[in-house]
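Working notes, beginning with the structure itself.
The values are calculated or read from the model by the stated rules, or taken from the named source; none is laboratory data. Since the model is a prediction, treat every value here as computed from it, not as a measurement. With ideal geometry, Cβ positions are generated from the backbone for all residues, glycine too; neighbour counts draw on all protein chains shown. Heads up: the accessible areas ignore ligands, DNA and RNA and are worked out on the full protein's heavy atoms, side chains in. Shrake-Rupley method; radii C 1.70, N 1.55, O 1.52, S 1.80 Å.
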Amino acid sequence: MKEPLHPVEFAACERTCLIVDDDDVLRTRLARAMQRRGLEVKTAANYDDALREIEQASPDLAVIDLKMPGESGLELLRSLRERSPETRSVVLTGYGSIANAVEAMKLGAHDYLTKPADAEQILAAMADKQETPSEAVSFQPQSLAEAEWEHIQRVLADCGGNISEAARQLGIPRRTLQRKLKKLAP
């Protein structure tokens, strides 16, 4: 067995990793990085391909993109939990929101990371983190822009993605909401 080249330690049985992302370049680079760290990697570009990989052999670790064509990463996470409840999973997204993070954690994700995330960050997120009472918990308050973005994402999720209804509930013009949504998350 290969020893991992990263500082994060996993049990000897945790050696397989499934990477699910519709971005070919990201998926390939992440797969190579995980292989260099001693993991046997399988990849999938969408929900259906990922289910086939899971049915063939349950992975020990899974990295799942949130937004994919067809079924979302949350749907895949739900299916993964049913078929392979012992798999540790991390959800990756370029569109981070508290609502999505909470939903992913409720569905059993080990952690939730925003892109770009490298292999070390992903493996660290999957590792068991046991804090000792002596460790100080640092709190960094959200910026105003981050709080606004999270609130908009939550209202939009509550409206089922309907921009017009979300704008009405937020009390702003629809065009203003569309402009805010086109900006990248802070």
Exercise. Which pairs have Cβ atoms under 7 Å, sit 6 or more apart or on different chains, and link a residue in region 45-56 that is closer than 11 Å to residue 18 by Cβ to one that is open to solvent by 50 Å² or more (accessible area, probe 1.4 Å)?
Worked result: 53/42; 54/83
For this session: Go through region 21-35 and count every residue that is in contact (Cβ under 8 Å) with a residue 60 or more places away in the chain and surrounded by fewer than 17 Cβ atoms within 10 Å (Cβ to Cβ).
Result: 0
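Yes or no, residue by residue, for (1) touching an Asp or Glu at 6+ places or on another chain (Cβ under 7 Å); (2) surrounded by 12 or more Cβ atoms within 10 Å (Cβ to Cβ); (3) modelled with pLDDT of 85 or more; (4) part of a strand (DSSP E or B):
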residue	(1), (2), (3), (4)
99	no, yes, no, no
128	no, no, no, no
140	no, no, no, no
169	no, yes, yes, no
Problem set entry | Residues (open to solvent by less than 20 Å² (accessible area, probe 1.4 Å) and under 27 Å from residue 102 (Cα atoms)) located in region 36-67 | 44, 50, 54, 59, 61, 62, 63, 64, 65, 66
Exercise. Is one or more of the residues making up region 112-125 touching an Asp or Glu at 6+ places or on another chain (Cβ under 8 Å), open to solvent by 40 Å² or more (accessible area, probe 1.4 Å) and free of Cβ contacts under 8 Å to residues at least 60 places away in the same chain?
Worked result: no
For this session: Might you check whether a residue that is open to solvent by 20 Å² or more (accessible area, probe 1.4 Å), in contact (Cβ under 8 Å) with a residue 40 or more places away in the chain and more than 15 Å from residue 18 (Cα to Cα) occurs anywhere in region 70-93?
Result: no
